[in-house]
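Peer 1: Handing you a structure now.
Bear in mind that the values in this text are calculations on the coordinates, not laboratory data. All values reported here derive from a predicted model rather than from experimental measurement. Methodologically, a virtual Cβ is constructed for each residue, glycine included, from the backbone with ideal geometry; neighbour enumeration extends over all protein chains shown.
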DNA sequence: TCCGGTGAGTTCCTTCAAGGAACTTAGTTG
DNA sequence: CAACTAAGTTCCTTGAAGGAACTCACCGGA
């Protein structure tokens, strides 16, 4: 599918993957640890881990050869997916916060302060959210329906983000 | 669940929701439009829309009373979820881009440039990704297991982000 | 006035994936 | 040798997704 969102969802679209990723991110990196922490079926966990490794989001590392023991670590690709988690956390904290406040806090290495993420424009560095942009077709957009059997129908392909 | 990611996923965790949201975001806002554009089952679409409306992500507006016609629009809560989509798009473009380049581009209203989102620290405004933070337990974190029947087990609750 | 068309869903059935529990394998400790 | 742990597999059952057809309200044209 041409849509970048669909391509991202293809990798981490089903609901367990972000949670698995998050566990690996905070250091819960072994099979049984993850399984117990999430209360996920072992079968599904094995499938998801395999998929994430195949898609180069996680790496399966042997940290002991006898007995053979493995852990999962984030690749660079996977670490950038964790950025997505930070944005999810921010939204969850803002809009679905429990009574008690956010369950975790993030301290920014650079400034040492407890903080959260904001979206900024890569060009001008000012704030840039979904409400602050126009959406335009890009180079990878689908061509505008080269063989319309009936001209005049208002059926045109949408350019997926 | 205490984890903010899980709470966010509870709202838009299954794979169709982000795509539905994205369609509404770009102006594909009516039932049949969305259904055809995504090729989603009408049943599942009706369920998802109902859920998103119940969770105050979308609003169901009647834009014509006779005949009764409806469209779905984003609430403020939903618009902020679209920020998440921008980050997804960015990741998809970076890591799973097709040959042809990104299918859509975003022009920032403030500077007029084609751009993409970056994550910045809300305190110091510098870049802040998942690799740039420490994770600490927050006020809503689970208390450290008040009634351990056996002291000494290395079983402690994880604080979910 | 009746006919077909459209938007917005329901209903029903079939298939696929998730969940759960038990089993496997390799090696290690007592 | 028996029990134990980590890391999966295998098998079965239930729940959700997909698909096609049906409903309902209304409209516009012959």
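Peer 1: Once both labels are modelled 7 Å past Cα along the beta-carbon direction, what's the residue A:126-residue B:50 spacing in nm?
Peer 2: 4.4 nm
Peer 1: Right, another one. Looking only at Cα atoms, what is the convex hull volume of the range A:2-50 per residue, in Å³?
Peer 2: Per residue, the Cα convex hull of the range A:2-50 comes to 70 Å³.
Peer 1: Relative contact order for the range B:52-100 using alpha-carbon pairs under 8 Å, separation at least 6, rounded to a whole percent?
Peer 2: Here the relative contact order equals 27 percent.
Peer 1: Let me ask something else about it. Compute the distance in nm between two label points, each set 7 Å from the Cα along the Cα-to-Cβ direction, one at residue A:59 and one at residue A:43.
Peer 2: For residue A:59 paired with residue A:43, the spin-label model returns 3.2 nm.
Peer 1: Would you please give the FRET efficiency between residue B:134 and residue A:73, computed as 1/(1 + (r/R0)^6) with r the Cβ-Cβ distance and R0 = 22 Å, to the nearest 0.05?
Peer 2: Working from the Cβ atoms, E equals 0.80.
Peer 1: Separate question: With every atom except the alpha carbons ignored, what do you get for Rg and Dmax of the range B:1-150, in angstroms?
Peer 2: 19.4, 68
Peer 1: Under the convention of a label 7 Å out along Cα→Cβ, give the distances in nm from residue A:64 to the same position in every other copy, shortest first.
Peer 2: When each copy's label point is compared with this one, the spacings are 6.9 nm.
Peer 1: Relative contact order for the range B:1-122: what percent, with Cα pairs under 8 Å and sequence separation of 6 or more?
Peer 2: This gives 18 percent for the range B:1-122.
Peer 1: A further question on this structure: Under 17 Å from a point placed 7 Å out from the Cα of residue A:109 along the Cα-to-Cβ direction: which residues of the range A:7-37 have their backbone N that close?
Peer 2: Hits in the range A:7-37 for residue A:109 at 17 Å: A:25-27.
Peer 1: Over all residues in A:71-80, what is the mean tally of Cβ atoms on other chains that come within 10 Å of each residue's Cβ?
Peer 2: 2
Peer 1: Another one. Could you give me D for the protein assembly as shown, from Stokes-Einstein at 10 °C and 1.306 mPa s, where the hydrodynamic radius is the Kirkwood radius over C-alpha pairs? Units µm² s⁻¹, please.
Peer 2: The Stokes-Einstein estimate is 75 µm²/s.
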